[in-house]
Every structure is written in C-alpha cells, then in structure tokens.
Amino acid sequence: MNPIEQQIIGVVQARSAALVAGDVPALERILHPEFIYVNSQGIKTTRAEYLGRFANPDGGPKWEKQDLSEIEIHVHGDTAIVTCRVHDVAHWGEHHLDSEFRSTFVYIQSADGWRCVAGHTSEIVVEE
C-alpha cells in the first residue's frame, strides 16, 4: 500500500470510529460540506441530515461497532474511490441492527486533507 492509500485508509477508519463514538466534530472534519449519502433503503441525505440521523447520540442509533473489511482504494488524481464490506451492529430504539453491507465512498483531496464527498451503501442479502 502506498503512502496516499495509507492516508486514505486512515481517514476511512477514522470516519467509522467517529460514527460509532458519536463524535460529530470529527465527522464534520471528515465529511465534505457537500457530502451526500444514500443508505441501503435508498434514502438520500445531506451532510447535516446524515449527522442528525446517524451520529445523533440523543435520537440516532447507539452504535456498538462498525467493522470494515475488504477495503479497496482506487486513487485518480485528487479523487479516491473506496469500496468495502461493512458489518454494523447498533440499536435504534427498539430495533436491533446486525447486518452486513457493501459501501462505496468518494473522497477528494482538499487543503484540509482527504474528505468524504459521497457515500452509498447496499445491504448484503445473500451470502457471497
């Protein structure tokens, strides 16, 4: 893995850790102001909506973990495409989530470092 890929994987892992910790300031540093996310139900959210929905310790999920595996990084100039397998475990009210997903994230290099500008997740519904 080259140094640029190592930087990106660090930011990818930091995003997951911040989500689980409910660390909104860290997520605000990682997520680009124009960040757009489409979840596994097809719901599109802006950065503010994503933070309110997924990182809100008062009304959002209580994350137990978000494990990433099979991380692949493809760098094209100042843009990186990251694909990975995600294992989420969380509680959201009475709902318990323990599912596996495939996710794609787009990171761009800016003066503030690598920032996530887009993400999309699909649930794995059949064993691979």
Condition broken by S69, with the remaining ones in (1) more than 16 Å from V11 (Cα to Cα); (2) exposed (fewer than 12 other Cβ atoms within 10 Å of the Cβ) satisfied: (1)
Region 98-128: number of residues that are surrounded by fewer than 13 Cβ atoms within 10 Å (Cβ to Cβ) and in contact (Cβ under 8 Å) with a residue 40 or more places away in the chain: 2
Sole residue being under 28 Å from Q6 (Cα atoms) and open to solvent by 70 Å² or more (accessible area, probe 1.4 Å), chosen from H87, H95, H74: H74
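Conditions tested, residue by residue: (1) over 20 Å from V89 (Cα atoms); (2) in a strand (DSSP E or B); (3) in contact (Cβ under 8 Å) with a residue 40 or more places away in the chain.
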| site | (1), (2), (3) |
| --- | --- |
| I9 | yes, no, yes |
| Q13 | no, no, yes |
| R29 | yes, no, yes |
| I36 | yes, yes, yes |
| G42 | no, no, no |
| Y50 | no, no, no |
| D58 | no, no, no |
Of residues in region 70-128 being assigned to a loop (DSSP other than H, G, I, E, B) and of a type in the set (D, E, K, R), the one modelled with the highest pLDDT: D78
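The values are calculated or read from the model by the stated rules, or taken from the named source; none is laboratory data. Just so you know, these numbers come straight off a predicted model, no measurement behind them. Note that we place each Cβ from the backbone using ideal geometry, even for glycine, and neighbour counts take in every protein chain shown. We work out accessible area using only protein heavy atoms, side chains counted, and drop any ligands, DNA or RNA first. Shrake-Rupley method; radii C 1.70, N 1.55, O 1.52, S 1.80 Å.
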